[in-house]
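S.K.: This is the structure I have questions about; it appears just below.
Just so it is clear, none of the values below were taken in a lab; they were calculated from the coordinates. Just so it is clear, the structure is predicted and the values come from calculations on it, not from any experiment. Don't worry about glycine lacking a Cβ; one is built from the backbone with ideal geometry, like all the others, and counts go over all protein chains shown.
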Amino acid sequence: MIWLNGNPPADKILNEVELRVQKFKTSNHRHIKLVVVWVGNSEASKVYTNKKAVIAKQVGMLSELIHLPETTTAVELKNLLVKLNNDPTVDGMLVQRPLPGTLELEPIHLWITPEKDVDCFHPYNLGTLMRNDPEALVSCTPKGVMALLDFYSISVAGKNACVIGRSLIVGRPMTQLLLNANATTIQVHSKSKNIEELTQIADIVVVAAGLPEYFGKKMFKKDSVVIDVGIHRSNSGKIVGDCIADELINHVSGLSPVPKGVGPMTIAVLMQNTVLCAEKRVKN
Ligand code: NAD
């Protein structure tokens, strides 16, 4: 079995991004800028937002972290996002999830202009993905999974690919990308029955259910490739995925580790998406 380590392909993407960032600066006499909005006090969000800001700086972008209090209202958040939409110095922006209280229920996906929507929640960006538009801006984690498969020369066309999970940020765009790459796709979710009958016929399984160390050997076909998107901190403080990695080691042919699998790819693609937004905006 090979470990599908995300660091080498993520570094490759970040090196390419760094070159494009420099080229953009030379041609346009300004920096590319990413803004990350963090509302509330979730410790996990703090770690993720800081990481995004640090990597953006590493590749030569400007990055701004806007931290809003837990009590922020929908109107306040919307006003900020509209201001950022209209700010010509901002190229990409995102609101870190999860959000406190009832903010999660607000249509925030409509408040970020599609041109700067690096997380790709806007219906316009989801639509261009569905149309298989080569210029589509694509959600970071699923796009990162495709890049991971490509880096390790795992072909997708004609294969049976199963995605566990149907969230808008991972599961749904993941299935669409696999379909766009000519896989035969199966999507299972919390209401699916007899899941293992479906995962067992898949050559590639992308697991994004958000259940710590839940999926073991019996779920997967011998020699299939398993991409574990899940990330959790166990009670003992260890970072684990959705799969029981120890059970899969002598069973599957490829497995992405947690950590250092999909995680680095997500951040690298976020930077790639930000550059893409900047380049598209100056072109149009
Ligand atoms: P989510 O909670 O929004 O969605 C989980 C999905 O799993 C749902 O669609 C649900 O129907 C499905 N599901 C739940 N229980 C199931 C079961 N028993 N069988 C089959 N399907 C089931 O989560 P999400 O935002 O899609 O994230 C999924 C996981 O991936 C989480 O652990 C999250 O932390 C992780 N994640 C990691 C990265 C990364 O960069 N590594 C990025 C995004 C999300």
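S.K.: First obtain the Kirkwood hydrodynamic radius of segment 35-117 from its Cα pairs, then insert it into the Stokes-Einstein equation at 25 °C and 0.890 mPa s, and state the resulting D in µm² per second as a whole number.
M.R.: Rounded to a whole number, D works out at 187 µm²/s.
S.K.: According to a simple spin-label model (label point 7 Å from Cα along Cα-to-Cβ), what is the distance in nm between Asn41 and Met130?
M.R.: 4.1 nm
S.K.: Translational diffusion coefficient, Stokes-Einstein: compute it for segment 1-156 using the Kirkwood radius over C-alpha pairs as Rh, at 4 °C and 1.567 mPa s, and state it as an integer in µm² s⁻¹.
M.R.: 76 µm²/s
S.K.: Moving on to the next point. Taking a quarter of the surface of the Cα convex hull of segment 88-139, what do you get in nm²?
M.R.: Its average projected convex-hull area is 4.1 nm².
S.K.: If you don't mind, there's one more thing I want to ask. Provide, in order from the shortest bin, the percent of all Cα-Cα pairs of segment 73-115 in each 10 Å bin, continuing until the bin that contains the maximum pair distance.
M.R.: Histogram of Cα-Cα distances, whole percents per bin: 27, 57, 15, 0.
S.K.: Further question on the same structure: Using C-alpha positions alone, give me the convex hull volume of the chain per residue in cubic angstrom.
M.R.: 128 Å³
S.K.: Based on the Cβ-Cβ distance from Lys217 to Arg97, what FRET efficiency comes out when R0 is 41 Å, to the nearest 0.05?
M.R.: Between Lys217 and Arg97 the formula returns 0.80.
S.K.: Stretch Ser27-His232 to full length: gain in nm at 0.36 nm per residue minus the Cα-Cα span? Present the calculation step by step, with values, prior to reporting the outcome.
M.R.: On the way: separation 205, 0.36 × 205 = 73.80 nm, distance 4.21 nm.
Once the chain is fully extended between Ser27 and His232, it gains 69.6 nm.
S.K.: Would you mind checking the radius of gyration and Dmax of segment 176-235 based on alpha-carbon positions, in Å?
M.R.: 12.1, 40
S.K.: With the Cα gyration tensor of segment 187-284 in hand, convert its eigenvalues to equivalent ellipsoid semi-axes via √(5λ) and list them largest first in whole Å.
M.R.: Three semi-axes, in Å: 30, 17, 13.
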